[in-house]
Amino acid sequence: MDFFNYKNGRLHAEGVALETIADEVGTPFYVYSTATLTRHFNVFADALRGMNALVCYAVKANSNQAVIRTLAALGAGADVVSGGELARALKAGIKPHKIVFSGVGKTEAEITAALNAGIKQLNVESEPELERISAIAQRLGLIAAVALRVNPDVDAGTHEKITTGRKENKFGIEWTRAHEVYKKAAALPGIKAQGLAIHIGSQLLDLQPFREAFVRAGDLVAMLRADGLSIETLDLGGGLGIPYGDEGETDAPNPESYAQVVRETVGNLGLELILEPGRMITGNSGLLVTRTEYVKEGATKTFLIVDAGMNDLIRPTLYNAFHNIIPVIEPEKGQEPVNVDIVGPICETGDTFAKNRKLAPVQAGDLLAVRTAGAYGAVQASTYNTRPLVAEVMVNGDHFAIVRERVEVEDIIALDRLPDWLAD
Ligand SMILES: *Cc1c(COP(=O)(O)O)cnc(C)c1O
């Protein structure tokens, strides 16, 4: 459920008309709803009631300071995957003891920053990384709390670019080596081996792969304990899918049934559970609002050419993702829908938001809202074609605020330098 609805024929984010924001901020822009973020976080956290669980919001889904701070105020921790995200989480007010650091390629500088900040744990993805962390911790005179990210070799059944839990993926320590590596970790100076972590993929619409992976993790916990090894935390990753409004799409599982799977598989192990939802929290909390520049009648179809492009929202071209796209002014009833392709201005055929979509007739100048754009939207934007990063706006009841300024073209160019042989 979200808080983007038509009121008097105008699409609103909570109490604010999107037209009002467009007039003030210009287009395109992302808009996030505080009420939706709050609702999604609370629904997820409430579903875990009765379990010793920490919800570490996966910052990579949407790392805007205002988004992280909204969630921090609700009690969220953070899952970060870079030094940059660590800095963002800390700056937004997430306490270090609620931060976990995931990712396959942590650099020396990132590990040092994490250890100096005193975060809850580093999720280690390989033996060389484990040795590096141990050495850095020793040098700093600290003990690094780590969990081993293991690869449960489970097929998440999701898009190939976002499946992470099969043995041929780059993530985690191979299942068959996990026991040995944990033992090694426990014996290393500078390391406190405190847990296991898994994360099998993103946008999962079926709970069965979660169940399989959690059961496997539980088995491994039992094996480690039988060997006299101590384990306190189990990080179950993120990945819960959400509805994008695609016709014929399988229903996304609700947080209650997901939590039930957690409860049944690993709820009674006496461990602190860590959950890392990203998309589930922010996906439906955001829209990308864009203006139609041209309506172009092609040889075989009609193109709506809009002012947002694949540099602003790459999901359709990167993952073949479906996004529901609706007009900001509610179409009058009884209008015959037309078949359109909705495309951006970029010189790439992949710059297509939707193909063969049925929409009420759209005129040049009309605003459109790309729904479910709050996760993996603004964070994956680039300045390709020297298109400035767009503004991000947050709504709270009847108020809105710019939470990231639109970047100026001059600021992009100003980062370039002419070498002395080219300077005047
Ligand atoms: C991306 C990621 C997440 C969040 O995934 P969602 O599908 O957005 O819930 C959680 N944990 C790790 C380790 C990740 O890489």
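The values are calculated or read from the model by the stated rules, or taken from the named source; none is laboratory data. Source: prediction; values computed, not measured. We place every Cβ from the backbone using ideal geometry, glycine too, and count neighbours over all the protein chains shown. Note: areas computed on protein heavy atoms with side chains; ligands, DNA, RNA excluded. Shrake-Rupley method; radii C 1.70, N 1.55, O 1.52, S 1.80 Å.
List of remarks:
- Within the set D23, D79, the sole residue that is without any contact (Cβ under 8 Å) to a residue 60 or more places away in the chain and charged (D, E, K, R) turns out to be D23.
- Neighbours by Cβ (under 6 Å, 6+ apart or cross-chain): first from the stretch 34-60, within 14 Å of D79 (Cα to Cα) and of a type outside the set (S, T, N, Q); second open to solvent by 30 Å² or more (accessible area, probe 1.4 Å) and within 13 Å of the ligand (Cβ to nearest atom): K60/V81
- Any hit, the stretch 292-309, residues being of a type in the set (G, A, S), assigned by TED's automatic domain parsing to the domain that holds A364 and within 25 Å of the chain's Cα centre (by Cα): yes
- So A156, is it at pLDDT 95 or above and either over 21 Å from the mean Cα position of the chain (by Cα) or under 24 Å from G239 (Cβ atoms) (or both): no
- All of E256, E272 fail the test of being at pLDDT 95 or above, charged (D, E, K, R), open to solvent by 10 Å² or more (accessible area, probe 1.4 Å) and touching an Asp or Glu at 6+ places or on another chain (Cβ under 7 Å), apart from E272.
- Taking the criterion of being surrounded by 17 or more Cβ atoms within 10 Å (Cβ to Cβ) and not in a strand (DSSP E or B), the residues of the stretch 346-365 that qualify are I346, D351, A360, V362.
- Residue match in the stretch 377-398 (condition: assigned to a strand (DSSP E or B) and either open to solvent by 30 Å² or more (accessible area, probe 1.4 Å) or not assigned by TED's automatic domain parsing to the domain that holds I326 (or both)): yes
- Of all residues in the stretch 225-244, those that are in the same structural domain as K183 (by TED's automatic domain parsing) have Cβ atoms under 6 Å from Cβ atoms of residues that are away from the ligand (no atom under 14 Å from the Cβ) and part of a loop (DSSP other than H, G, I, E, B), 6 or more apart or on another chain, in L234/L271; Y244/F322.
- Taking the stretch 400-410 as the range and being open to solvent by 90 Å² or more (accessible area, probe 1.4 Å) and either over 16 Å from F29 (Cβ atoms) or at pLDDT below 95 (or both) as the test, only E410 passes.
- Conditions (1) among the small types (G, A, S); (2) touching a residue at least 40 places away in the same chain (Cβ under 8 Å); (3) within 14 Å of the ligand (Cβ to nearest atom); number of the one not met by A13: (3)
- Among residues of the stretch 267-276, those that are closer than 13 Å to G50 by Cα and either within 16 Å of the ligand (Cβ to nearest atom) or free of Cβ contacts under 8 Å to residues at least 40 places away in the same chain (or both), counted: 3
- Against the list (1) open to solvent by less than 60 Å² (accessible area, probe 1.4 Å); (2) within 18 Å of T292 (Cα to Cα); (3) among the charged types (D, E, K, R), the condition R315 fails is (2).
- Residue within the stretch 240-261 that is away from the ligand (no atom under 13 Å from the Cβ) and farther than 30 Å from H323 by Cα present: no
- Of the strands (runs of 3 or more DSSP E) that lie entirely inside the stretch 137-239, not one contains 3 or more residues that are farther than 29 Å from E108 by Cα, small (G, A, S) and open to solvent by 30 Å² or more (accessible area, probe 1.4 Å).
- Sole exception among (1) in contact (Cβ under 8 Å) with a residue 40 or more places away in the chain; (2) open to solvent by less than 50 Å² (accessible area, probe 1.4 Å) for R291, by number: (2)
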